[in-house]
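Worksheet: the structure to be examined is printed underneath.
No value in this document is a laboratory result; all are computed from the given coordinates. Quantities reported herein were computed from a predicted structural model and do not represent experimental measurements. Quick reminder, even Gly has a Cβ in these numbers, built from the backbone with ideal geometry, and neighbours come from all protein chains shown.
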Amino acid sequence: MVTMRGPVIWVVEDDPSAQRVIADSLKLNGFHPIVFGNAEKAYGALQTDTLPSLIILDMLLPGMSGVDLIRLLKQNKQWEKIPVVVVSVLTRQDSPARESPEEANAVYWVNKPFEANDLIRTIQDILTAVRY
């Protein structure tokens, strides 16, 4: 039996190629990625699964948007401290999250296209700052 060590990182992304790039980069750097194709599945998992150390979230998702998921996270005391890294073609200024400063300021932002090493460095910095 193989046991996964390292922080659990949820990847909420609907694009299969982006899922693969992100998940592979995370695995290579000692993280345990769990991939969700939409925000509804991730939200459902929050209710039942062990909470992740960090969530990587696309803004433009079918159904529930990334902004909607961020709002739900920030409304729940149990989930509000989970760091969120948005990975999106939208800039922070273009995002609907900018309408709500508390949501916009509660997340980190990496624009697509991105370098995998930059994403990993951002995640490592965040987890160090929150003392994972």
The set of residues whose placed amide H lies less than 5 Å from the amide H of residue 109, leaving out same-chain residues fewer than 5 positions away, is 86
Total formal charge among the other residues, if their Cβ is under 12 angstrom from that of residue 46, Lys/Arg +1 and Asp/Glu -1: -2
Quick check on the stretch 1-85: take the gyration tensor over C-alpha atoms, sort the square-rooted eigenvalues as a ≥ b ≥ c, and tell me if it's rounded (a/c under 1.5), prolate or oblate. oblate
Between residue 49 and residue 111, how many nm apart are label points set 7 Å from Cα along the C-beta direction? 3.0 nm
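Length gain on complete extension for the stretch residue 5 to residue 128, per 0.36 nm per residue less the alpha carbon to alpha carbon distance?
On the way: separation 123, 0.36 × 123 = 44.28 nm, distance 1.66 nm.
Fully extending the segment from residue 5 to residue 128 adds 42.6 nm.
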Please sort 79-89, 120-130 by packing, taking for each peptide the average over its residues of neighbouring beta carbons within 10 angstrom, highest first. 79-89, 120-130
